[in-house]
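Read the structure below first, then the notes.
Read the figures in this text as sums done on the coordinates, not as results from a lab. Given the structure is predicted, the values throughout are model-derived calculations rather than measurements. Note: ideal-geometry Cβ built from the backbone for every residue, glycine included; neighbour counts use all protein chains shown.
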Amino acid sequence: MKKICLLLMCLAVFLVSGCAGTLPVNSYEPQNIVRCQGKASIDEFTYAPFERGEVSEKNQIHNTALGNIYISTDVAQLVRRATALELEKTGIALTEDAPYAVEGEVTDFVIDDLGYSVDWEYAVTYSIRDKSTNALAFQKTFRPEPVHSGKFGRPSDFSQTVSEIILSGYNMFIHDQGALNLLRTDQPEVAEQ
């Protein structure tokens, strides 16, 4: 009888963990260590899983298990704000008179929570547009390594995981020499020969 009760309790916990939930997203804290001087403006960011109909809400993270996972703000706006904060920490002044605009598309944001742990998968396409010609000067998709976390933590514990994976995508972007060359204004002077 005790085994049946224990089995029923485990089943109830499993079913409850598959229900909808909203993860709080604390204020994003910029953390990158790249430094350079430059300027850019921040343009639109989009969330492709919502636009493709894979999720029904702009604040929903695609989940491989039963139930729906939401964050407390729109995914595209969270990544846009995080990118702006990281750019400022890098040394890029955000100003409308900048020659280039940074745009983004969150192409994937998936929580794979089948099994005993959770794998957070994320991909973001950053674009840099020349504002004088509206031509695309840079575009590349960055897919950081999945972040692994425990399955049964408190919802507030996952806020740091969301920030960590967004930071990983930004770090790949700001370390890309093509992106960095467009954004920076502190290019070393080339000596005349």
Practice task
Provide the per-residue ³J(HN,Hα) series for segment 47-62, in order, calculated from phi with Karplus coefficients 6.51, -1.76, 1.60 and θ = phi - 60°, each as a whole number of Hz, with x at glycine and proline positions.
Solution key: 10, 4, x, 5, 5, 7, x, 6, 10, 8, 10, 5, 10, 9, 9, 4
Fill in the blank from the handout: Taking placed amide H atoms and a strict 5 Å upper bound, the residues 5 or more places from S72 or on another chain that come that close are L23, V25
Handout entry: Neighbour cut-off at most 12 other Cβ (10 Å), DSSP loop, chymotrypsin sites (Phe, Trp or Tyr not before Pro), segment 49-150
Key = Y116
Fill in the blank from the handout: Of all C-alpha pairs within segment 35-183, those more than 23 angstrom apart amount in percent to 36 percent
Problem - Straight-distance crosslink candidates among aspartates and glutamates, where the alpha carbon sits under 19 Å from K58 and sequence neighbours closer than 8 are dropped - result: D43, E44, D74, E103, E105, D108, D112, E121
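Pull out the extension gain between E44 and N134, defined as 0.36 nm times the separation in residues minus the alpha carbon to alpha carbon distance; nm, one decimal.
Values: separation 90, 0.36 × 90 = 32.40 nm, distance 1.36 nm.
Working it through step by step, the gained length comes to 31.0 nm.
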Practice task
Rounded to whole Hz and in sequence order, give me ³J(HN,Hα) for segment 133-139 from the Karplus expression 6.51 cos²θ - 1.76 cosθ + 1.60, θ = phi - 60°, writing x for Gly and Pro.
Solution key: 10, 6, 7, 6, 9, 7, 7
